[in-house]
Amino acid sequence: MALFVSTTLNKLDAKFRVSVPADFRKSLEGDSFKGVVAWPNVPEKMIEACDSGRVERIAASLDDREQYPEDDSLRLDLARVSLASSQRLNFDVNGRIMVPPEFREHAGIGEEVLFVGVGLTFQMWDPERYRLWQSSRLQAGKEQGIRLQMRPLPSRVDGGSGKGGA
């Protein structure tokens, strides 16, 4: 399973290609698809991306009524919209992806892309938009006295405890 952490700033070239950070590409090496699956994030103005295996799990969850009960139809609809808007972005020989025009427009991306690792996915932001978003979230957390706490992992379906280990 791919894991994405850290933040990296890269430039778009004249053909709207950008190099995916090397550590992100390394996390994707085991995936059968040589690239990423990406979609415009709603409601945020950025691009979300992950490995194809995660997208397959998201797609399979659309039929899980416990995951999306009838009273939560909007969340199901947003998941469907995200899948319908997603595109497979292949790596070229240099580890670059071409960022589609509709994705660049949605995220307000100009000459630079800020890659933000958020665990099982990563995000692509306009650097200034991310700085403003990050600042507002940190300020809201401070005002509300929210502190980051790690929750215990739920028990895994495959019989693992989800606790400890490397």
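Listed by chain and number, the aspartates and glutamates placed with their C-alpha closer than 17 angstrom to that of Lys26 are Asp51, Asp92; residues fewer than eight positions away on the same chain are left out. The phi-based Karplus calculation (6.51 cos²θ - 1.76 cosθ + 1.60; θ = phi - 60°) puts the 3J(HN,Hα) values of the range 59-74 at 4, 5, 5, 4, 8, 8, 5, 6, 5, 10, x, 4, 7, 10, 5, 5 Hz, whole numbers, x for Gly and Pro.
Across the chain, the mean sequence separation of Cα contacts (distance under 8 Å, 6 or more residues apart), normalised by length, yields a relative contact order of 31 percent. Each other residue within a Cβ distance under 12 Å of Tyr68 adds +1 if Lys or Arg and -1 if Asp or Glu, for a net charge of -4.
Quick check: net charge around Phe4, other residues with Cβ under 14 Å of its Cβ, Lys/Arg +1 and Asp/Glu -1?
Numbers: positive: Arg25, Lys26, Arg54; negative: Asp23, Glu29, Asp31, Glu48, Asp51.
Local net charge: -2.
Think of the chain as having a plus end and a minus end, set by charges on the Cβ of Lys, Arg, Asp and Glu; of Phe91, Leu138, Ile109, Leu138 sits farthest toward the positive end of this dipole. The string of couplings for the range 15-22 from the Karplus curve (6.51, -1.76, 1.60, θ = phi - 60°) is 9, 6, 9, 9, 7, 6, x, 4 Hz, one whole number per residue in order, with x for Gly and Pro.
Which shape class applies to the chain: rounded if a/c is under 1.5, otherwise prolate when a/b exceeds b/c and oblate if not, where a ≥ b ≥ c are the square roots of the Cα gyration tensor eigenvalues? Rounded is the answer for the chain, as its axis ratio a/c remains below 1.5. Taking the centroid of alpha carbons for each part, the range 16-75 and the range 111-136 are 16 Å apart.
Laboratory data are not the source of any read-out in this text; all were calculated from the coordinates shown. This is a predicted model, so every value here is computed, not measured. Cβ coordinates were reconstructed from backbone atoms using ideal geometry, including for glycine residues, and neighbour counts include every protein chain displayed.
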